[in-house]
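Scroll down for the structure; my scribbles are underneath it.
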Amino acid sequence: MAEAELAVNTQLEAIVPDIQNPIVTVSNLNLYYGETQALFDIDMQIPEHRVTALIGPSGCGKSTLLRCMNRLNDLIDSVRIEGVVEIDNDDIYGPGYDVISLRRQVGMVFQKSNPFPKSIYENLVYGLRIAGENRRAMLDEVVERSLQAAALWDEVKDRLNDSALGLSGGQQQRLCIARAIAVEPSVILMDEPCSALDPIATGRIEETIEDLKKQYTIVIVTHNMQQASRISDYTAFFYLGRLIEMAETSEMFTNPQLKQTEDYVTGRFG
Amino acid sequence: MERTLDQHLDHLKGELLKMGSAVEESIEQAVQSLVERDNHLADVVEEGGHNIDDWEVAIEEECLKVLAVQQPVAGDLRLVASMIKINYDLERINDQAVNIAQRARLLNQMPQLKPLIDIPRMAVLARGMVRDALDAFVNRDVELANKVRKIDDTMDALRDQIFRELLTYLNTGMSSTVDQAILLILVSRHLERIGDHSSNIAENVVYLVQGRIVRHQKEELRAGEE
């Protein structure tokens, strides 16, 4: 295909791969902030036990879409959502759907680490305590397991009762990942989890993500193109509220199908 | 938007093309040294070979630097990857030209066995292949690249024809005749190798434009023709 033949039209249907084992299915999703439409007809599937990166210039809707996957947008009054988001075949916007159980099923890690002003231990068991779990042995086990999974155990095991706020930025972010894992979600959403971290801490988080995908499905929003190419299995490119192209990451970064995608990943615009 | 990366890529492309022209000239001079029995031209080709070697190293180093520092992806990545390979093939083509010049110097010491017909024909084709392959690279012209790949078959056929023709001389048992025949067979082999490397360059053009690796897919090319 010569360059001139590459499609540029945003009106065309997005190019999406065949996903064998979707855990999240988004169908015909439209989202409005008041009068302004932020997402247009999103149809996509997130494969289970894989890392899917959402990329695109600021304002393209990638974070908004991520927040649709655990109904965080519900907290904003002016938001109106049409369409279907299914997780494990349940429509999470369906009537009678239990949002509390959704939050348990879908964990979230934010751009800025947000540990509670409590001990490391209490940060991790907070969710379980709320759910009524108070058996010490059980809590101890969860703390160790989730810290191990987030590759933080060796660094903090001797000071579990110290304040979480005394940890470094990178450690705090891994604590937030551990806290998300503690309630055993099936999907973990990450909104630019490394943007405030130095390269070493970023590397640690990326290694953690690589390990986590064996048990969890990860959807990550990132502005760092190299990060998307390093850690994700699939990459979805968004522009102006539309899904433009989604493909296996190796394909996206060697031979994207659309010129728009090519221009974005090569830094020509965006 | 002009990116820093574009400046590096443009510079690299320019260097590669300059090297390509020098390599084309080497082929021309090497064959001329044989046809016109001109040892001086053979020297020129051999000396030029060292410059090409240095050039190749410089281009490869710059490509690697661009990979490390700019981390190109998608079309940019394919361009750098193609240039690394094209660079290598051009240098190998030049080695073949130097080989021809060396054979020519030996042949020029002997009385001419027969007028050369097919070897100059192969030489014209070989130069054309190099030029067309590089033009296809510059213009991202897959059609032209595929044309180059097809000519490679003609080159193979000519090499076989030259071999069959010279086989009769090999059977004469006269040592100077046999020596000459062997040298000419080698020259045809060098020209045919130039065709192979040009064909590689053409395949890299297809990869650059379409992202498909078409090496080892000659059959598909022929099938597409029918």
message: Show me the three semi-axes of the equivalent ellipsoid for region B:57-151, from the C-alpha gyration tensor (sqrt of 5 times each eigenvalue), largest first, rounded to whole Å.
response: 35, 18, 6
message: Sequence gap at least 6, Cα distance under 8 Å: using those rules, report the relative contact order of chain A to the nearest whole percent.
response: 29
- prompt: How far is helix B:118-139 tilted, in degrees, relative to the longest principal axis of the Cα atoms in chain B, given as a value from 0 to 90 rounded to the nearest 10?
  reply: 0
query: Can you give the average number of partner chain beta-carbon atoms within 10 Å of each beta-carbon in peptide B:66-73, as a whole number?
result: 3
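Over the Cα atoms of region B:1-66, what is the Rg over Rh ratio if Rh follows Kirkwood?
1.17
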- request: Just the ratio, please: alpha-carbon radius of gyration of region B:1-132 over 2.2 N^0.38 Å, N its number of residues.
  value: 1.27
Inter-chain Cβ neighbour average for residues A:248-258, partner chain, 10 Å: 3
- prompt: Counting only Cα, what are the radius of gyration and maximum Cα-Cα distance Dmax of region B:95-226, in Å?
  reply: 17.0, 54
query: Computed over the Cα atoms of region A:6-157, what is the ratio Rg over Rh, Rh following Kirkwood?
result: 1.02
- line: Computed over all unlike Cα pairs, the Kirkwood hydrodynamic radius of region A:78-150 in Å stands at 14.9
Kirkwood hydrodynamic radius over Cα pairs of region A:134-249, then Stokes diffusion coefficient at 37 °C and 0.692 mPa s, in µm²/s: 214
- prompt: How big is region B:163-211 in terms of Cα radius of gyration and Dmax, in angstroms?
  reply: 17.2, 54
- request: Based on alpha-carbon positions alone, could you give the equivalent ellipsoid semi-axes of the protein assembly as shown from the gyration tensor, as √(5λ), descending, whole Å?
  value: 64, 24, 19
- line: Kirkwood Rh for chain A from C-alpha pairs, in Å, is 19.3
- request: Mind jotting down the three principal axis lengths of chain B based on Cα atoms? Whole angstrom, largest first.
  value: 67, 44, 21
message: Going by average Cβ density within 10 Å per residue, which order do the peptides A:144-150, B:157-163, B:193-199 take, highest to lowest?
response: B:193-199, A:144-150, B:157-163
- line: Going residue by residue through region A:160-175, the Karplus relation 6.51 cos²θ - 1.76 cosθ + 1.60 with θ = phi - 60° gives ³J(HN,Hα) values, rounded to whole Hz and with x marking Gly or Pro, of 5, 9, 6, 5, 5, 6, x, 6, 6, x, x, 5, 4, 5, 5, 5
- prompt: With θ set to phi - 60° and the Karplus curve 6.51 cos²θ - 1.76 cosθ + 1.60, what are the ³J(HN,Hα) couplings of region B:94-106 in order, to the nearest whole Hz, using x for Gly and Pro?
  reply: 5, 4, 5, 4, 4, 4, 4, 4, 5, 4, 4, 4, 5
Expected 222 nm ellipticity per residue - DSSP helices of 4 or more, -39500 (n - 2.57), all of the protein assembly as shown, to 500: -19000 deg cm²/dmol
- prompt: When you count, for each residue, the other Cβ atoms within 10 Å and take the mean per peptide, how do B:104-117, A:49-62, B:9-22 rank with the highest first?
  reply: A:49-62, B:9-22, B:104-117
query: Could you give me the ³J(HN,Hα) list for region A:208-224, computed from phi with Karplus coefficients 6.51, -1.76, 1.60 and θ = phi - 60°, whole Hz, x at Gly and Pro?
result: 4, 4, 4, 5, 5, 5, 5, 10, 10, 9, 10, 10, 10, 8, 9, 8, 8
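Bear in mind that the values in this text are calculations on the coordinates, not laboratory data. Since the structure is predicted, the reported quantities are computational estimates derived from the model, not experimental observations. FYI the Cβ positions are ideal-geometry reconstructions off the backbone, even for glycines, and counts take in every protein chain you see.
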